[in-house]
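K.L.:
Dropping a structure here in structure tokens format, bear with me for questions.
The values are calculated or read from the model by the stated rules, or taken from the named source; none is laboratory data. Quick caveat, the model's predicted, so the values are computed rather than measured. Glycine gets a Cβ as well: all are built from the backbone with ideal geometry, and neighbour counts include every protein chain shown.
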Amino acid sequence: MKNHTLFQKFLVIGLFLSVSGGIIAEPHGDSLEWELRKDKDGIQVYTRLHESAGILEYKAISVIEADLEQLVEIINDVDNYPSWTANCESAEVIEVINDSTRIEYMTTAVPWPLADRDVVLKFTAVEHTEDYFEAILTCEPDAVPEKDKYVRIIISEGTWIFKRIDDDQVKIYHQFFSDPGEGIPMWIVNMFIVSGPYKTLLNLKKMCK
């Protein structure tokens, strides 16, 4: 029972790594090789070792029955992130910089004895057309004062890409890299890096249906 409890704690940490989005390999090309780790329910999750940090980053791909603008509305509804983003406890917009850029703040609850985490991200929609949407997320750890309750994540970056296939289908690319900070062994992070993005895209599929 004790070992099972520890397993659940580490799993929760791994799921938190799917809160945001890195640099998409398929549309833009990458030099490092990706490994397919999960292929289920029309969702493929790939990982590769991040060269400098020594932990895994992921790329998740799926085709969803939805209108592109429906997905854009979902990604812009920050307060509702906890309903579909794996292990996101709370989310809010801290500042709207302009029509395409905002500052987001998100938290996750991590089981005792590990400290809860929070992250501040700049969300920038770099392209938005009838058939294509791309948003880049970059870490802005100093944009919100640190809170005693949380360990601030200071390394995090991501990308969301939506590509219209036809009137009823959109292909999604979601990539993410993050260092969760002190107190969490990297081998634990790497063990559970696949579960979070799979759950996130599965939730998106259900929401759109």
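K.L.:
Across segment 83-119, which residue is nearest to Leu201 (Cα to Cα) among those that are small (Gly, Ala, Ser) and either modelled with pLDDT under 95 or surrounded by fewer than 19 Cβ atoms within 10 Å (Cβ to Cβ) (or both)?
P.N.:
Ala86
K.L.:
What is the one condition in (1) touching a Leu at 6+ places or on another chain (Cβ under 9 Å); (2) modelled with pLDDT of 95 or more; (3) not in a strand (DSSP E or B) that Ala60 does not satisfy?
P.N.:
Going through the list (1) touching a Leu at 6+ places or on another chain (Cβ under 9 Å); (2) modelled with pLDDT of 95 or more; (3) not in a strand (DSSP E or B), Ala60 breaks only (3).
K.L.:
Next up: So, in segment 40-67, exactly how many residues are within 19 Å of the chain's Cα centre (by Cα) and closer than 16 Å to Gln169 by Cα?
P.N.:
Residues that pass the stated criteria total 7.
K.L.:
Go through segment 169-209 and give me each residue that's assigned to a strand (DSSP E or B) and at pLDDT 95 or above.
P.N.:
Listed by number, the residues that qualify are Gln169, Val170, Lys171, Ile172, Tyr173, His174.
K.L.:
List pairs: first in segment 87-107 and at positive phi, second surrounded by 20 or more Cβ atoms within 10 Å (Cβ to Cβ), Cβ under 8 Å, 6+ apart or cross-chain?
P.N.:
These pairs meet every condition: Asn87/Leu15; Asn87/Phe16; Asn87/Ser18; Asn87/Val19; Asn87/Thr108; Asn87/Gly196.
K.L.:
Now for a separate question. Quick check on segment 18-41: of everything there that is surrounded by 13 or more Cβ atoms within 10 Å (Cβ to Cβ) and modelled with pLDDT of 50 or more, which residue is farthest from Leu202 (Cα to Cα)?
P.N.:
Asp30
K.L.:
Right, next: So which residues in segment 120-156 are among the aliphatic types (A, V, I, L, M), closer than 23 Å to Glu51 by Cβ and at pLDDT below 95, if there are any at all?
P.N.:
Correct list: Ile153, Ile154, Ile155.
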